[in-house]
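The values are calculated or read from the model by the stated rules, or taken from the named source; none is laboratory data. Treat the numbers as computed from the prediction; the structure is a model and nothing was measured. Cβ sites come from the backbone with ideal geometry, for glycine too, and all protein chains shown count toward neighbours.
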Ligand SMILES: O=C(O)CCC(=O)C(=O)O
């Protein structure tokens with residue numbers, strides 16, 4: 001990764017993706033120049049986690065968290081073969097007949113298959129569900145264990161080994177690697193706030209974590225008609241670590257405009273969720289984003305949602321509260337926050353929400369007040 005014009009490698013802290021620059025086009029890096037020349041100056045910085053100067057990395061991370069809540073993690077330490085194996089297996093999973101996938105339908109813990117259009121991330125703007133299908137796999141919690149009494153906790157709905165023998169090993173390997181990266185990022189986030197590196201660890205022992213393979217259909221999005229790959233939303237939790245197949249489509253709402261996040265091969269797109277925004281009293285941003293499909297081809301992506309444990313109390317950190325900036329939100333718990341926010345987006349999960357009695361669903365907060373092509377982004381109210 002040292003050839004990347006990285007935000008953390010000292011010197012050029014403006015290394016970013018998402019804007020206009022030679023070598024980038026609407027679909028991302030066009031391959032015409034070495035990567036060192038490809039990082040255009042704009043919205044989503046590249047942060048090289050392998051850079052030796054940790055203080056510079058932490059400073060770049062803090063800036064990204066305040067500016068956009070998005071960054072591209074390079075030098076992240078997740079072996080590429082683990083990522084490749086997971087993408088191979090998820091392609092096979094989605095290629096199964098619908099009949100087989102429906103046998104893995106999401107259960108009362110919201111684990112399992114969510115069919116095409118089951119989720120509507122922005123019900124106020126969308127005229128139909130997201131043009132995507134997905135699966136939720138959480139941290140495996142054995143049936144009958146005390147933790148399994150919690151909403152969203154329990155055994156996963158794995159594809160039958162007879163159909164896909166390689167899936168579970170690939171997903172578990174990916175889950176382990178993504179969790180390691182998540183813990184590492186927590187440490188850097190704590191440092192960026194002037195806290196002890198281990199500050200957040202107590203809330204993530206163990207984490208709630210969900211791996212969500214997604215497949216977007218080839219249908220083109222039509223924002224004017226309320227049709228999206230994924231409607232505008234913020235993520236509910238702490239941190240999302242996203243891998244994609246390199247297809248464009250992800251857009252972030254910044255400065256009143258939708259900004260394309262070009263694919264960054266070998267890297268993860270990371271973004272902060274509502275819980276970190278609450279912990280930091282709005283200093284760090286949980287930013288609206290969406291998927292607008294334009295390629296006419298299917299698209300695969302793999303978000304990993306890394307969240308505090310169910311009973312973790314989320315309230316403004318003393319370092320982020322001043323007389324001029326009083327706490328914006330009352331304390332909540334990670335579980336209550338998730339369940340409160342889940343109800344609106346997943347048609348399938350509400351039917352199975354008896355366990356909590358609270359309703360539930362997905363992992364994100366819908367956009368509501370955003371508008372297309374200027375003005376009115378939720379971030380403008382910050
Ligand atoms: O598929 C993507 O690129 C983004 C997915 C996403 O925003 C989400 O699942 O929260």
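For the reader, a short list of remarks on this structure follows.
- Residue ID - surrounded by the fewest Cβ atoms within 10 Å (Cβ to Cβ), chosen from residues in the stretch 265-297 that are away from the ligand (no atom under 12 Å from the Cβ) and more than 27 Å from residue 195 (Cβ to Cβ): 296
- Filter result for residue 203 (at pLDDT below 95 and over 28 Å from residue 81 (Cβ atoms)): no
- The set of residues in the stretch 192-208 being over 17 Å from residue 318 (Cα atoms) and buried (at least 23 other Cβ atoms within 10 Å of the Cβ) consists of 207, 208.
- The single residue among 219, 172 that is more than 24 Å from residue 47 (Cα to Cα), touching a strand residue (DSSP E or B) at 6+ places or on another chain (Cβ under 8 Å) and surrounded by fewer than 19 Cβ atoms within 10 Å (Cβ to Cβ) turns out to be 219.
- Residue 52 vs. criteria surrounded by fewer than 21 Cβ atoms within 10 Å (Cβ to Cβ), at pLDDT below 95 and either under 20 Å from the mean Cα position of the chain (by Cα) or more than 18 Å from residue 250 (Cβ to Cβ) (or both): no
- Identity of the residue in the stretch 243-262, within 12 Å of the ligand (Cβ to nearest atom) and more than 18 Å from residue 64 (Cβ to Cβ), that ends up surrounded by the most Cβ atoms within 10 Å (Cβ to Cβ): 244
- Looking at 195, 150, 191, 185, just one residue is more than 16 Å from the ligand (Cβ to nearest atom) and under 18 Å from the mean Cα position of the chain (by Cα), and that residue is 185.
- Any hit, the stretch 21-43, residues being loosely packed, with under 15 Cβ neighbours inside 10 Å, under 28 Å from residue 221 (Cβ atoms) and at pLDDT 90 or above: no
- Annotation: residue 259 fulfils all but one of (1) in contact with a strand residue (DSSP E or B) (Cβ under 7 Å, 6 or more places away or on another chain); (2) part of a loop (DSSP other than H, G, I, E, B); the unmet one is (2).
- Residue 303, sole failed condition from (1) farther than 30 Å from residue 126 by Cβ; (2) modelled with pLDDT of 95 or more: (1)
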